[in-house]
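Worksheet for the structure shown next.
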Amino acid sequence: MHASRIEKHTPNIQFPEENPGDFKTAVFLPKSSLENASSFSAVVYKNLSGIFSSNTVDNTSDAKSVISSEVISVNLDNWQSNPNFNISLTLAYVQTNSGQPKCTFWNMSRSAWDTNGCTLAIQGSYSSKCVCNHLTNFAILMSPWTESVDTTALDVISIVGCSISMLGLIITVVVHFYLWRYVRSDRVVILMNLSIALIASYAVFIGGVDRKENKALCTAIAVLLQYIYLVVFFLMLAEGIEIGITVLYVFVTKSRLKWTLPAAWALPAVIVGVSMGATKLEGFGNTKFCWLSMEGGLIWAFVAPSMLIILVNFVVLILVIRTMFRSKTLSEKSRSERSKAGVRCLCVLLPLMGCTWVIGLLYVNESMTWVQYVFAVCNSLQGLVIFVFHCVLNVQIRNALLRRKHRKQSKSFISTNSASFVSTRITEEPVALPKINLSTAKRTPRGSLHSADDAKGDVLQASGLTEINNVDTLF
């Protein structure tokens, strides 16, 4: 218990003062809240769970909520006449639950705990800080998590899936760089950036998402995870833009990398910077994991741009599939072949466009816990799917390997035969070169000429159909 008089020169009130001793619960009143006040008192109750009920005004029969902190009663005369009044309370837990704390006060008129006028400022491992704009009895209520999902199973799925995906993506990057001169294109450049970003995201997630014991480290990991995941989504948007333009606008050959790639790496940094400045790092990491807190709405700094990107890519996906099924090559195939081509096309495009992330939005209540398992499997194995369909089953990779093999054999053959020649005869006869019809040819960004027919996309090739069509040079 504490009581004191307030003088005009009193700068603020802090209880307990500099040496709190065993007290973990604290009160802070700034000078702006002391106007017209002359006396202050506070009483801390160690445990009133057996006296006060845990009913709330939202749901008076909420048996899941429990009083998880010490209860503090604060009195200050004339506080109602102060429009700038606010009070900060640090409430120590008397029992810890792996649930979401709520800052509440005792509503005398309704005989229940109420949250009106109180907000959670900081959530800690042993206490939480609340800010309120009125006075009464304050406490932390907590709704213990009733996990209907086996978190151990989800952890195993995530770690194993992410590890497999990391290995697949590393192989994908190595193979593409090994065959770079044969497979280089704007889409492959974006794919390599996406693969590297995914590798980084998997590594940070596995190594840091549970490092909650060190607050500074946990905050840094949460910031890094927000940035790298946003980079992944913006690179998937770049993939969607590249695929959409290549399929829908065949004759557009100007490279878009000069603005899509810098934007994919820079815009997430802007979003993260604004988030850090607006929240002053509050909400980056909590007692359960090193990620963005849902309290205060910080999570929307990730969810909002991600959902917008998924929506754009979903529209692009529909347009690409519609274009594919309207193509002459596919229309001549049987229904079974068209179905197989459609499934293969989805397998190729979905992991690149991030559409599987929308599965997480389906988890709305405890009866749909299966969604968490599906979400964990689909997204932890995103890198594996990219490896399978963009490396193992990629026609361009197989052709590049053959070209490299033939080129190596040709060099070996020329070298062997050159050494065996004693003299060389140079012919002066002109060599006939193939004619190129410049009226039907077009120039690519690197200056090589291709006919208009050869410039058309390759979703059909990715779907197992190799005839050149307007969607058959993409994959």
Among the candidates 224, 194, 217, which residue alone is surrounded by 20 or more Cβ atoms within 10 Å (Cβ to Cβ) and touching a helix residue (DSSP H, G or I) at 6+ places or on another chain (Cβ under 8 Å)?
194
Just to be sure I understand the filter: pairs with C-beta atoms under 7 Å, separated by 6 or more residues or on different chains, first member in region 174-193 and of a type outside the set (A, V, I, L, M), second member open to solvent by 40 Å² or more (accessible area, probe 1.4 Å). Which pairs pass?
182/403; 182/404
Residue count for region 218-268, restricted to those that are in a helix (DSSP H, G or I), in contact (Cβ under 8 Å) with a residue 24 or more places away in the chain and more than 22 Å from residue 306 (Cα to Cα):
4
Across region 83-116, what is the number of residues that are outside any strand (DSSP E or B) and closer than 16 Å to residue 27 by Cβ?
2
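Kindly evaluate residue 171 against the criterion of being under 14 Å from residue 383 (Cβ atoms), touching a residue at least 40 places away in the same chain (Cβ under 8 Å) and hydrophobic (A, V, I, L, M, F, W, C).
Details: under 14 Å from residue 383 (Cβ atoms): yes; touching a residue at least 40 places away in the same chain (Cβ under 8 Å): yes; hydrophobic (A, V, I, L, M, F, W, C): yes.
Answer is yes for this residue.
Inside region 129-173, can you point out the residues that are under 30 Å from residue 85 (Cα atoms) and modelled with pLDDT of 85 or more? If you could, list the steps in order and put the result at the bottom.
Keep residues of region 129-173 that are under 30 Å from residue 85 (Cα atoms), which gives 129-143.
129, 130, 131, 132, 133 - these are the residues of region 129-173 that are under 30 Å from residue 85 (Cα atoms) and modelled with pLDDT of 85 or more.
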So, in region 272-287, how many residues would count as being in contact with a Leu (Cβ under 6 Å, 6 or more places away or on another chain) and either assigned to a helix (DSSP H, G or I) or not small (Gly, Ala, Ser) (or both)?
1
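Can you go through 299, 309 and tell me which one is within 14 Å of the chain's Cα centre (by Cα) and buried (at least 21 other Cβ atoms within 10 Å of the Cβ)? Outline the logic, then answer.
Values: 299 fails: buried (at least 21 other Cβ atoms within 10 Å of the Cβ).
After applying the criteria, what remains is 309.
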Residue 257 versus (1) touching a Ser or Thr at 6+ places or on another chain (Cβ under 9 Å); (2) at negative phi; (3) hydrophobic (A, V, I, L, M, F, W, C): which is the lone unmet condition?
(1)
Just one of 235, 267 is touching a Phe, Trp or Tyr at 6+ places or on another chain (Cβ under 9 Å) and open to solvent by less than 10 Å² (accessible area, probe 1.4 Å); which is it?
235
Out of the residues in region 242-264 meeting the condition of being among the aliphatic types (A, V, I, L, M) and open to solvent by 50 Å² or more (accessible area, probe 1.4 Å), tell me which one is farthest from the chain's Cα centre (by Cα).
252
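The values are calculated or read from the model by the stated rules, or taken from the named source; none is laboratory data. Note that the structure is a prediction, hence the values are computed from the model and not measured. Every residue, glycine as well, gets a Cβ built from its backbone with ideal geometry; the counts of neighbours run over all protein chains shown. Heads up: the accessible areas ignore ligands, DNA and RNA and are worked out on the full protein's heavy atoms, side chains in. Shrake-Rupley method; radii C 1.70, N 1.55, O 1.52, S 1.80 Å.
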